[in-house]
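Here is the structure we will look at, set down as structure tokens.
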Amino acid sequence: MGAAALLLAGCAQDPAESPGKGASADGKGKTTLTVGVFGAFGLQEAGLYDEYMAQNPTIRIEQTSIERNENYYPQLLTHLGTGSGLADIQAVEVNNIAEITATQADKLVDLGKAPGVDKAAYLPWKWAQGTAKGGATVGLGTDIGPQGICYRKDLFEAAGLPSDREAVGALWAGDWNKYLETGKAYKAKAGEGKSFVDSSSGVMAAVTGSSAQRYYDESGKVVYKTNPAVRGAFDLAASFATEGLSAKLQQFTPGWDQGFSNGSFATVSCPAWMLGYIQDKAGPAGKDKWDVAQAPKPSNWGGSFLVVPKAGKHAEEAAKLAAWLTAPAQQAKLFEKRGSFPSASAAYKLATVSGAKHEYFGGAPIGEIFAKAAQGVPVTVVGPKDLVIAQNLADIGMLQVDQKGRTPQEGWDAAVKAIDNALDQ
Amino acid sequence: MTDETAVLSPSAVGPERPTAEGAGRSRPGQVWRSRRYRWDLRFSPYAFVAPFFLFFAAFGLFPLLYTGWAALHQVELTDPDSMTWVGLKNFTRLWDDEFFWNALRNTVTIGLLSTVPQLAIALGLAHLLNYKLRGSAFFRVAVLTPYATSVAAATLVFVLLFGRDYGMVNWALSAVGFEAVDWQNGTFASQLAVSTIVIWRWTGYNALIYLAAMQAVPGELYESAALDGASRWQQFLHVTVPSLRPTIFFTIVVSTIGATQLFGEPLLFNGGAGATGGSDHQFQTLGLYLYEQGWVNLHLGRASAIAWAMFLILLLIAGAARLLRGRKDSR
């Protein structure tokens, strides 16, 4: 037993560290800050850690990453609950931020007061999302997901539609129904086997992203069942399936990835972060075939925050780093390198953002397109269970309509049943 | 018990003899020594097995009991420390929970779809491996490789194979004139696909267990069967299978436990949506439903109740199997 305990203790110790100097300082007396993220978050890939370490020789930054947020987030909650196993800085996805501010705010540092944080630099709605009821801003926004519509120029031309991004945007400007009409026109000429959108759930996410009130009202009550914006988005998206305009794929599955490279569909709802994804999946063969146009209405899908747990050993240093990582200049770099769109509106004036063009998408002026969308996004009411509701609407309700050929009403009922089961404690 | 006395008697007698001669002088020390020796014999084995049980208590028994305790409360993952007592509510609600019954049904059908062919193929494979083969070691290792592959890697490959639009299985089906199957969305199709992954992973493992048991079957039985004119197939049916009965029973029990806890394959088969097990919950197993309640919906109390329900179901199955076996043995 004693030997086993020793072994376990041995595992926990970093062999590179000399014993007796404390777990967080290496031989040269540096302070190690850890950052916990999900997926390819981009901070490291954009070289921001290296830059910070070069400016602050006493700081060493280490990142731990968990591939999927579904696995990352529950772990973050258990770690916050026990106050151990936490990184000094933790990332939080936008769909989870309301739950974090509502239930975990007392365990997190108020970053609104951290040195170097300028409230005026952020989009007001993003700032509000990271702020708890008591007034503490526990989450600093990193990126947001303003949307355009990505489309295949060659397929549009083949179907007799305009292919210039201005003209394409004008086809559906101001109204999601016009997007549906364009789809019908596309289908009439494109012929069998050609789909207009990748999936109905993608359309639904885009349409719900353009309304201020979605699943919760301002008082925190669940209202998705009666909110016409949600039901409207569901029905509109469902008609893409019933009209035969959808390729009936499920997003973020291997089949969907293959759809990009095989050109199975002509358009896809495109938050800024999706551009890199398309480039990866469609590969070099898709270059100059894809372009991006303005979405019918300004809409947001996704985005993240950084929080600093109080239980961390270096909360003060971590807050400083979080402030620096989310400052406009760094957000602009993240956009330049990774395509994550800044949540700090001050960054939009920087030339790296305003003048950004995307090589792969025919040199589209993405800085301009997404900044316009970002500034038009309404202040969205977010609720603690947004993720659960959105996920069941998409993966149960809309998928049944899209892939199983159920009626929109049947799909809606199935989703409501699953959500009721999930929300009922 | 007989072993212990056999070990005890000669050594206990040994030191006894000189004390009888030199009585009075060295007696207390020797009594102490022999007593210590007896204690050593009696208690050391417990000390040797203790680490397992201590670890089991810490990482097996405690979580089990704690889960049982949590199942009687309303407790959320967002705040695991605050628990509200709700009695048996988490259990009684399972009775009306159509998702629970659906998951139980799926677990049973996927369990049957995977266990039955798996064990049958394993038996056949073991029989083939039992022949004198050139490079038999190679085949025995090869048959175990799927088991050594990680679930995640294997399932990802199977997801591609079973793809609706560009999957190899559908490509092969259409090549021989069948229609493409939507493997993820059909109820039976998806369960069959998930079962295939399970079969692929576990068949070799069971085959090796059968092979080990087969090699313990006395060769004379086969010789006399051959002399009586039994064919290979008759030998297999009338000599091999009856001799393997305890082993087959063991693999059935282990596979049933595995099937009841099936989790990784259906989770990863539904790459996009995680724990829902398909848009219609068509391949959501009990393990997945437990995960969905606990780690997606964050209801730890309800998840604990499902975990305990699964545990009770396993106990029921084990009890039924015991009864069945008991009856068979007495016959």
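Assess whether B:Phe250 counts as being touching a residue at least 12 places away in the same chain (Cβ under 8 Å), outside any loop (DSSP other than H, G, I, E, B), more than 10 Å from chain A (Cβ to nearest Cβ) and aromatic (Phe, Trp, Tyr). Reasoning before the result, please.
Values: touching a residue at least 12 places away in the same chain (Cβ under 8 Å): yes; outside any loop (DSSP other than H, G, I, E, B): yes; more than 10 Å from chain A (Cβ to nearest Cβ): yes; aromatic (Phe, Trp, Tyr): yes.
Against the criterion (touching a residue at least 12 places away in the same chain (Cβ under 8 Å), outside any loop (DSSP other than H, G, I, E, B), more than 10 Å from chain A (Cβ to nearest Cβ) and aromatic (Phe, Trp, Tyr)), B:Phe250 qualifies.
Of A:Gly376, A:Gly355, A:Gly367, which residue is buried (at least 22 other Cβ atoms within 10 Å of the Cβ) and either away from every other protein chain (no Cβ under 14 Å) or among the charged types (D, E, K, R) (or both)?
Only one candidate qualifies: A:Gly367.
Can you confirm whether B:Gly294 is of a type in the set (Gly, Ala, Ser), surrounded by fewer than 23 Cβ atoms within 10 Å (Cβ to Cβ) and either facing another protein chain (nearest Cβ under 10 Å) or touching an Asp or Glu at 6+ places or on another chain (Cβ under 9 Å) (or both)? Before the answer, list the steps.
Numbers: of a type in the set (Gly, Ala, Ser): yes; surrounded by fewer than 23 Cβ atoms within 10 Å (Cβ to Cβ): yes; either facing another protein chain (nearest Cβ under 10 Å) or touching an Asp or Glu at 6+ places or on another chain (Cβ under 9 Å) (or both): yes.
Spelling it out, B:Gly294 is indeed of a type in the set (Gly, Ala, Ser), surrounded by fewer than 23 Cβ atoms within 10 Å (Cβ to Cβ) and either facing another protein chain (nearest Cβ under 10 Å) or touching an Asp or Glu at 6+ places or on another chain (Cβ under 9 Å) (or both).
Out of A:Ser163, A:Ser201, I need the residue that is part of a helix (DSSP H, G or I) and of a type outside the set (Lys, Arg). Which one?
Details: A:Ser163 fails: part of a helix (DSSP H, G or I).
Within the list A:Ser163, A:Ser201, the selection yields A:Ser201.
Read through the list (1) within 27 Å of A:Tyr73 (Cβ to Cβ); (2) surrounded by fewer than 21 Cβ atoms within 10 Å (Cβ to Cβ); (3) not acidic (Asp, Glu), then give the number of the only condition that A:Ala318 fails.
For A:Ala318, the failing item is (2).
List pairs: first residue in region A:406-425 and more than 9 Å from chain B (Cβ to nearest Cβ) and surrounded by 16 or more Cβ atoms within 10 Å (Cβ to Cβ), second residue charged (D, E, K, R) and part of a helix (DSSP H, G or I) anywhere in the structure, Cβ distance under 9 angstrom, at least six positions apart or on different chains.
Qualifying pairs under 9 Å: A:Pro408/A:Asp235; A:Trp412/A:Arg231; A:Trp412/A:Asp235; A:Ala415/A:Asp395.
Between B:Ala307, B:Ala275, which is within 11 Å of chain A (Cβ to nearest Cβ) and not charged (D, E, K, R)?
Values: B:Ala307 fails: within 11 Å of chain A (Cβ to nearest Cβ).
Being within 11 Å of chain A (Cβ to nearest Cβ) and not charged (D, E, K, R) holds for just one of B:Ala307, B:Ala275, which is B:Ala275.
Hey, among the residues in region A:265-306 that are touching a helix residue (DSSP H, G or I) at 6+ places or on another chain (Cβ under 8 Å) and within 14 Å of chain B (Cβ to nearest Cβ), which one's surrounded by the fewest Cβ atoms within 10 Å (Cβ to Cβ)?
By that ranking, first place goes to A:Lys281.
Identify, please: which residue in region B:36-83 is in contact with a helix residue (DSSP H, G or I) (Cβ under 6 Å, 6 or more places away or on another chain) and hydrophobic (A, V, I, L, M, F, W, C) and is, among those, nearest to the other protein chains (Cβ to nearest Cβ)?
So the residue we want is B:Leu77.
The rows are residues; the columns are (1) touching a helix residue (DSSP H, G or I) at 6+ places or on another chain (Cβ under 8 Å); (2) at negative phi; (3) at pLDDT 95 or above; (4) within 14 Å of chain A (Cβ to nearest Cβ).
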residue	(1), (2), (3), (4)
B:Phe99	yes, yes, yes, yes
B:Ala103	yes, yes, yes, yes
B:Gly111	yes, yes, yes, no
B:Val116	no, yes, yes, no
B:Leu128	no, yes, no, no
B:Leu160	yes, yes, no, yes
B:Met168	yes, yes, no, yes
B:Trp183	yes, yes, no, yes
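Would you check if there is a residue in region B:227-238 being loosely packed, with under 15 Cβ neighbours inside 10 Å and within 24 Å of the chain's Cα centre (by Cα)?
We begin by selecting, within region B:227-238, every residue loosely packed, with under 15 Cβ neighbours inside 10 Å; these are B:227-229, B:231-234, B:237-238.
Imposing the further condition that a residue be within 24 Å of the chain's Cα centre (by Cα) reduces the set to none.
No, the conditions are met nowhere in region B:227-238.
Considering only residues of region B:73-92 that are free of Cβ contacts under 8 Å to residues at least 24 places away in the same chain and surrounded by 12 or more Cβ atoms within 10 Å (Cβ to Cβ), which is nearest to A:Thr78 (Cα to Cα)? Break it down into steps so the answer makes sense when it comes.
From region B:73-92, those free of Cβ contacts under 8 Å to residues at least 24 places away in the same chain are B:79, B:81-82, B:84-85, B:87-89, B:92; that's our starting set.
The next check asks that each one be surrounded by 12 or more Cβ atoms within 10 Å (Cβ to Cβ); those that pass are B:79, B:89, B:92.
Values: B:Asp79: 8, B:Lys89: 24, B:Thr92: 27 Å.
Among residues in region B:73-92 that are free of Cβ contacts under 8 Å to residues at least 24 places away in the same chain and surrounded by 12 or more Cβ atoms within 10 Å (Cβ to Cβ), the one nearest to A:Thr78 (Cα to Cα) is B:Asp79.
Tell me yes or no: at least one residue of region A:100-109 is assigned to a helix (DSSP H, G or I), away from chain B (no Cβ under 14 Å) and under 18 Å from A:Ala327 (Cβ atoms).
no
Please determine whether any residue of region A:131-153 is in contact with a Lys or Arg (Cβ under 7 Å, 6 or more places away or on another chain) and within 14 Å of chain B (Cβ to nearest Cβ). Give the derivation first.
Taking region A:131-153 and keeping what is in contact with a Lys or Arg (Cβ under 7 Å, 6 or more places away or on another chain), we get A:141, A:144, A:152-153.
The next check asks that each one be within 14 Å of chain B (Cβ to nearest Cβ); those that pass are none.
Checked region A:131-153: no residue is in contact with a Lys or Arg (Cβ under 7 Å, 6 or more places away or on another chain) and within 14 Å of chain B (Cβ to nearest Cβ).
Of everything in region A:377-391, what is in contact with a Lys or Arg (Cβ under 9 Å, 6 or more places away or on another chain) and modelled with pLDDT of 90 or more? Give them in sequence order.
Passing the criteria: A:Gly383, A:Asp386, A:Ile389, A:Ala390.
Every residue, every condition in (1) of a type in the set (Gly, Ala, Ser); (2) assigned to a helix (DSSP H, G or I); (3) in contact (Cβ under 8 Å) with a residue 24 or more places away in the chain; (4) more than 30 Å from B:Gly167 (Cα to Cα), yes or no:
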residue	(1), (2), (3), (4)
B:Phe178	no, no, no, no
B:Asn185	no, no, yes, no
B:Ala193	yes, yes, yes, no
B:Val217	no, no, yes, yes
B:Glu223	no, yes, no, yes
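Does region A:251-261 include one or more residues that are of a type in the set (Phe, Trp, Tyr), within 14 Å of another protein chain (Cβ to nearest Cβ) and in contact with a helix residue (DSSP H, G or I) (Cβ under 6 Å, 6 or more places away or on another chain)? Can you show your working first?
Step one: list which residues in region A:251-261 are of a type in the set (Phe, Trp, Tyr), which gives A:252, A:256, A:260.
Applying the additional criterion that residues be within 14 Å of another protein chain (Cβ to nearest Cβ) yields A:252, A:256, A:260.
After this cut, where a residue has to be in contact with a helix residue (DSSP H, G or I) (Cβ under 6 Å, 6 or more places away or on another chain) as well, the list is A:260.
Yes: one or more hits.
Taking region A:176-213 on its own, how many of its residues are surrounded by 22 or more Cβ atoms within 10 Å (Cβ to Cβ) and under 30 Å from A:Val382 (Cα atoms)?
Qualifying residue count, region A:176-213: 15.
Return only the number of the condition from (1) closer than 28 Å to B:Leu316 by Cβ; (2) surrounded by 19 or more Cβ atoms within 10 Å (Cβ to Cβ) that B:Val151 does not satisfy.
If we test B:Val151 against (1) closer than 28 Å to B:Leu316 by Cβ; (2) surrounded by 19 or more Cβ atoms within 10 Å (Cβ to Cβ), just (2) comes out false.
Can you find even one residue in region B:265-272 that is within 21 Å of the chain's Cα centre (by Cα), surrounded by 15 or more Cβ atoms within 10 Å (Cβ to Cβ), within 14 Å of chain A (Cβ to nearest Cβ) and over 24 Å from B:Tyr205 (Cα atoms)?
no
Every residue in region B:84-97 that is touching a Leu at 6+ places or on another chain (Cβ under 8 Å) and within 14 Å of chain A (Cβ to nearest Cβ), please.
Let us first name the residues in region B:84-97 that are touching a Leu at 6+ places or on another chain (Cβ under 8 Å), namely B:85-88, B:90.
Listed by number, the residues that qualify are B:Trp85, B:Val86, B:Asn90.
Which residues, taken from region B:190-224, are hydrophobic (A, V, I, L, M, F, W, C) and surrounded by fewer than 17 Cβ atoms within 10 Å (Cβ to Cβ)? Break it down into steps so the answer makes sense when it comes.
Of region B:190-224, the ones hydrophobic (A, V, I, L, M, F, W, C) are B:192-194, B:197-200, B:202, B:207-209, B:211-214, B:216-217, B:221.
Within region B:190-224, B:Ala212, B:Ala216, B:Val217, B:Leu221 qualify.
The values are calculated or read from the model by the stated rules, or taken from the named source; none is laboratory data. For clarity, every value in this text was computed on a predicted model and none was experimentally measured. Virtual Cβ from ideal backbone geometry, glycine too; neighbours counted across all protein chains shown.
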